[in-house]
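Structure first, commentary second.
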Amino acid sequence: MKFTFAGLLTFILLFTITFLFGQEPQIINIENRASLTLNGVWKYVVDPYQTGYYDYRRDARDQMSNPSNSESLFLGYKPKDQTERVEYDFDKSDNILVPRDWNSQKEKLFYYEGSVWYYKNFDYPAPAANTRQYLYFGAANYEADVYLNGKKRGKHVGGFTPFNFDITGKLNPKGNFVIVKVDNTRGLEKVPTINTDWWNYGGLTRDVKIVEVAGTFIQDYYVQLAKNDKNTIEVSVILNGPSKANQAITIEIPEANIKASCTTDSEGKAKTMIAAKNLKLWSPENPYLYEVKLIHNNNVLTDKIGFRTLQTKGKEILVNGKPVFLRGICIHEENGIRGGRAYSKEDARLLLGWAKELGCNFVRLAHYPHNENMARVADELGIMVWSEVPVYWTIQWKNSETYNNAHNQLTDMITRDKNRASVIIWSMANETPVSADRTDFIKRMIETTRQLDPVRLVSAALERRSKEGSANTQVVEDPLQEYVDIISFNEYIGWYDGLTEKCKSAEFEIKFDKPVMVSEFGGDALQGNHGSKDARWTEEYQEELFKESVKMLDKIPQLRGMTPWILADFRSPRRLLPNIQDGWNRKGLISETGDKKKAFFVLQDYYKRKKAEYDK
Ligand code: GCU
């Protein structure tokens, strides 16, 4: 991580956001830290009018010096005797599972958008001396107000990134309770904005834990190969705690006979470059992961990290200096078989396993940061990853709060996954209409990304259109092409634009000597629905569309990858056709029940040929 004037600006912005939302710096690599899980059965109360949060004057109860016990749900108050009026009771309320969304668990909450109160009580044995405790959430969609033992700990905005609050000294040996108000109400000023083509799953959708760390601990670190240098490991470490200055940090990679150390500055930051000869480099063919130990004060934090170099050269994408073709597929974070948001290692293995079966070495995780298990399993399976923030369609480009929110999600996405070798592309946005405000907004995000991560490639899913006066010529006229490393665009020729036939005559004109990655194409087919190849919604139509699309795209000289839309059918409130869609986007190559469609095998075959071409 390089600290420049621009870096300082980023820091000031981060500080403002932390101050505003009470969100503390993200602690990374939670899965390798000591913790008490709060996953499991919770209690919940649906509160569409936010009665538990606002009084009848619409004043926020948790801002009051003496909020009423009777309605303030965050207090978790229990009546002392039968004379007391308390209008809620978590103990008598229904159960709900965490992590999970509420929509796929409760029939009555299938379409629900609004506030739900979550309640969990737990004991916490006296913490070890000189330790700190953090309340950690993998994600909560969309806005979360968090309370411990009736006291507000903080607020988080954004449905797809982790957050944590320091609760040191706030825990009792017995009878603690966490209460979280989760609100997934959509809004024009939010990120994503009010209109998306995916289900607005609400709730505590990922792990909840109490994480225990040392009084001064390694909060964050970056351990990756230096830019374009397979013999040097770049390390930066951030300590958090009272004695963070002038501290020795040791980095050990036993299998590579590496042991190095560095010392923190007054801010608790340390960085060093480590010479590393003959490392086994991570690649899809050989996803080698090293055990890396970061040691401070005899406290050892381990992580499994792969080392690979990554760059573009003209129209080539080079991984470890070797040209690659990104044989990809788009994935939504959903387990259609169980229903609802995907969250576990098993879900990741299911989805990435299907991608592997398809012959993929790459996946586009659309349109928001997926759970951390996806990137970690991709590390293991040797699947490269495109990770994206939900700057999707028409968000409020002029609204500084909207920008802060997008910036915050971007920073948290990069912070969490920057040590994952599988993650090779940070995507800024999807199908955003070209305008000066929009381009400015996204350029600032690109600058932030390059400051936070000097190595990974930057892109965004742009739009293409037919050239003036030449319907068959497709162009991408977007100023952002100048600023991204990979030119990616979505195209739906043969589905939203004409019939499959149109693919045969379409030509693409892309001026830039940069790699091109087609980030979406495809069409809907109901699995098991058969007919002629001209009949929409049939497997035969989708099959033909894939056959013609890969032929059409193969004509693009700079084509270095594709991620067709999409691996599996997914829920969308915008898909209303009875007996075909019924609330599902049917562009999957696999149905929600896990059954493959004919087009799956067209792409599998194409990827076999592509792999052979690049393995030569
Ligand atoms: C869009 C969009 C997706 C959407 C897809 C579709 O391009 O990026 O989120 O689901 O097309 O229309 O099916």
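The values are calculated or read from the model by the stated rules, or taken from the named source; none is laboratory data. Worth saying up front: this structure is predicted, and the values here are computed from it rather than measured. All Cβ positions, even for glycine, are placed from backbone atoms using ideal geometry, and neighbour counts span all protein chains on display.
If you check GLY187 against the conditions, is it away from the ligand (no atom under 16 Å from the Cβ), within 27 Å of ALA342 (Cβ to Cβ) and free of Cβ contacts under 8 Å to residues at least 60 places away in the same chain?
yes
When the residues of the stretch 142-172 are narrowed to those that are of a type in the set (Gly, Ala, Ser) and in contact with a helix residue (DSSP H, G or I) (Cβ under 6 Å, 6 or more places away or on another chain), which ends up nearest to ASN29 (Cα to Cα)?
GLY158
Among the residues of the stretch 366-385, write down those that are within 16 Å of the ligand (Cβ to nearest atom) and closer than 14 Å to ARG349 by Cα.
Correct list: HIS370 only.
Here's the yes/no breakdown for (1) without any contact (Cβ under 8 Å) to a residue 40 or more places away in the chain; (2) out of contact with any strand residue (DSSP E or B) (no Cβ under 7 Å at 6 or more places or on another chain):
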site: GLN527; (1), (2): no, yes
site: ASP554; (1), (2): yes, yes
site: PRO557; (1), (2): no, yes
site: THR563; (1), (2): no, no
site: LEU567; (1), (2): no, no
site: LYS597; (1), (2): no, no
site: TYR607; (1), (2): no, no
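Would you mind finding the one in ARG450, ARG438, ARG444 that is within 27 Å of ILE233 (Cα to Cα) and either hydrophobic (A, V, I, L, M, F, W, C) or not in a loop (DSSP other than H, G, I, E, B) (or both)?
ARG450
Provide a single number: the residues in the stretch 233-273 that are surrounded by fewer than 17 Cβ atoms within 10 Å (Cβ to Cβ) and not aliphatic (A, V, I, L, M).
Residues in the stretch 233-273 being surrounded by fewer than 17 Cβ atoms within 10 Å (Cβ to Cβ) and not aliphatic (A, V, I, L, M): 14 in total.
Taking strands (runs of 3 or more DSSP E) that do not extend beyond the stretch 458-567, which have at least 2 residues that are away from the ligand (no atom under 16 Å from the Cβ) and more than 25 Å from ASP197 (Cα to Cα)?
By residue number, 470-475, 507-509, 559-562.
Does the stretch 60-68 contain at least one residue that is under 30 Å from ALA34 (Cα atoms) and in contact with a helix residue (DSSP H, G or I) (Cβ under 6 Å, 6 or more places away or on another chain)?
No, that holds for no residue.
Can you tell me how many residues within the stretch 386-440 are under 30 Å from PRO287 (Cα atoms), touching a helix residue (DSSP H, G or I) at 6+ places or on another chain (Cβ under 9 Å) and within 16 Å of the ligand (Cβ to nearest atom)?
6
Does VAL191 satisfy being assigned to a strand (DSSP E or B) and under 28 Å from the mean Cα position of the chain (by Cα)?
Against the criterion (assigned to a strand (DSSP E or B) and under 28 Å from the mean Cα position of the chain (by Cα)), VAL191 does not qualify.
How many residues are modelled with pLDDT of 95 or more and either acidic (Asp, Glu) or under 23 Å from ILE167 (Cβ atoms) (or both) when one looks only at the stretch 98-141?
Of the residues in that region, 26 qualify.
Got at least one residue in the stretch 155-174 being part of a strand (DSSP E or B), surrounded by fewer than 20 Cβ atoms within 10 Å (Cβ to Cβ) and away from the ligand (no atom under 16 Å from the Cβ)?
Taking every residue of the stretch 155-174 in turn, at least one turns out to be part of a strand (DSSP E or B), surrounded by fewer than 20 Cβ atoms within 10 Å (Cβ to Cβ) and away from the ligand (no atom under 16 Å from the Cβ).
If I filter the stretch 572-596 down to residues being within 30 Å of GLY202 (Cβ to Cβ) and among the charged types (D, E, K, R), which single residue comes out as farthest from the ligand (Cβ to nearest atom)?
ASP595
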